[in-house]
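Notes to accompany the following structure.
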Amino acid sequence: MLFFSFYKTLIDEEVIVELKNDMSIRGTLKSVDQFLNIKLDDISVLDEIKYPHLSSVKNVFIRGSVVRYVHLPAAVVDTTLLEDASRKEAASQAAKAGGR
Amino acid sequence: MTITVINSLPSFSSLRTPIDDENVRIAQDGENNELYYYSARRKVTARPEAISISGFGQVLGEYDVYVSQKSLIFYSREQDKGLSVPYNLITVHAIQRTPSVGLYLQLERIPLTIAAAEHVNDDTNNADEEEEDENEEEPHDLLELVIEALEGYDTDTDIDQLFSALSDCSALNPDESDSEYGDDSDEDDGGVRVLSSRNEIYGDGHEWITADNVDQFTDIAVEGEDRIVVNVQETENGSNGRFDDAVEDDEQVAKYRRLE
């Protein structure tokens with residue numbers, strides 16, 4: 001649940017979500033759930049010429065499973081803290097699996 | 001899961017809001033298939049318009065829209081057939097405001113053909129030779145659908161409800177293949193409750209089973225005052241794992257007695 005909690009701290013920040021189908025959408029992060037489904041407001045598609053489809057849309061719901069990357073503004077993330085937390089989370093996941 | 005063509009509507013287990021329409025059937029045994037949103041005779045358009053879904057045809061005209069727990073359904077009364085779209089194929093859904101109000105859907109991995117007679121536009125990145133063969137199927141990158149808003153109705157509320165219903169149902173249908181860490185650690189338990197890992201007895205993820213919380217563990221039953229029965233399931237290679245010695249009879253049950 002680490003990244004779920006992490007994304008919650010980024011609500012109202014502007015992010016760029018890159019999808020596995022190569023489309024990238026910029027918008028304000030409004031909500032996230034445990035499956036990392038993402039709702040963005042005030043969106044704009046990065047390559048509008050290649051993807052004119054979403055030009056008339058303001059808010060989107062993006063299914064978590066189609067997200068490849070979420071690009072974040074560097075200023076709002078404490079990368080050291082995030083790396084430490086990720087390492088701890090990974091270790092505890094490995095311990096849970098290893099005990100079987 | 002793939003998109004399927006249906007010739008009759010499934011039954012739904014319950015309705016979110018009362019619906020007065022004989023086309024919507026509720027069955028007692030409609031296993032966990034709640035209907036979150038329903039609207040009759042909605043105009044649905046596809047982009048590109050000439051697109052044809054294999055086995056179904058073009059998306060043209062009016063459809064009854066059902067947002068149910070299991071899938072999104074477009075049903076045509078005139079043709080008496082419909083499309084059932086599982087939520088894992090809906091990559092994005094959104095509220096479109098211009099040129100008209102509507103619910104925008106982006107679908108992936110839909111088997112499509114483009115009608116041979118029409119070329120959609122010159123910018124399509126597929127080779128024209130492939131498009132001319134009507135029988136050729138290839139999974140397209142994107143299929144977009146727009147469910148047009150109702151006219152003369154409380155448009156915004158209706159579209160908002162449709163958007164919310166899609167969001168809720170999409171969240172109810174996460175991808176199973178993804179190993180979302182932290183979510184499915186219990187699935188791999190094999191019924192065996194891990195009390196401690198090899199290296200960290202008191203580390204993260206460790207939990208004690210006590211009289212206070214034993215009810216929470218469904219694979220453990222307390223019998224009387226001095227016995228705990230643990231349900232052990234076979235692991236993949238057929239062995240009972242670490243509880244081999246403790247199994248006393250043919251049933252896969254390990255029994256523990258309190259030591260006097």
Original post:
What's the average, rounded to a whole number, of partner chain beta-carbon atoms within 10 Å of each residue's beta-carbon in A:62-72?
Top reply: 4
**OP:** Return the long-range amide H neighbours of A:Lys58 (sequence gap of 5 or more, or a different chain), with a cut-off of under 5 Å between placed amide H atoms.
**Re:** B:Ile95, B:Arg97
**OP:** Could you please rank A:Lys8, B:Lys70, placing first whichever residue has the fewest other Cβ atoms within 10 Å of its Cβ?
**Re:** A:Lys8, B:Lys70
**OP:** Quick one: grab the alpha carbon gyration tensor of the stretch A:2-73, order the square roots of its eigenvalues as a ≥ b ≥ c, and give me rounded if a/c is under 1.5, else prolate or oblate depending on whether a/b is larger than b/c.
**Re:** prolate
Original post:
Could you give me the ³J(HN,Hα) list for the stretch B:95-107, computed from phi with Karplus coefficients 6.51, -1.76, 1.60 and θ = phi - 60°, whole Hz, x at Gly and Pro?
Top reply: 9, 8, 10, 10, x, 8, 7, x, 9, 8, 10, 10, 10
Subject >> Shielding of B:92-104 by partner chains, average beta-carbon count, 10 Å >> reply: 5
Original post:
Taking the highest mean first, how do the peptides B:96-108, A:67-79, B:48-60 order by number of other beta carbon atoms within 10 angstrom per residue?
Top reply: B:96-108, B:48-60, A:67-79
**OP:** Starting at the first residue of the stretch A:16-22, write each ³J(HN,Hα) from the Karplus equation 6.51 cos²θ - 1.76 cosθ + 1.60 with θ = phi - 60°, in whole Hz, x for Gly and Pro.
**Re:** 10, 9, 9, 8, 5, 8, 6
Subject >> For B:161-170, mean number of other protein chain Cβ atoms within 10 Å >> reply: 2
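Each reported figure results from applying straightforward, stated rules to the coordinates on display, with no laboratory input. Not measured: the values here are computed from a predicted model. In this analysis, Cβ positions are derived from the backbone assuming ideal geometry, glycine residues included, and neighbour counts consider all displayed protein chains.
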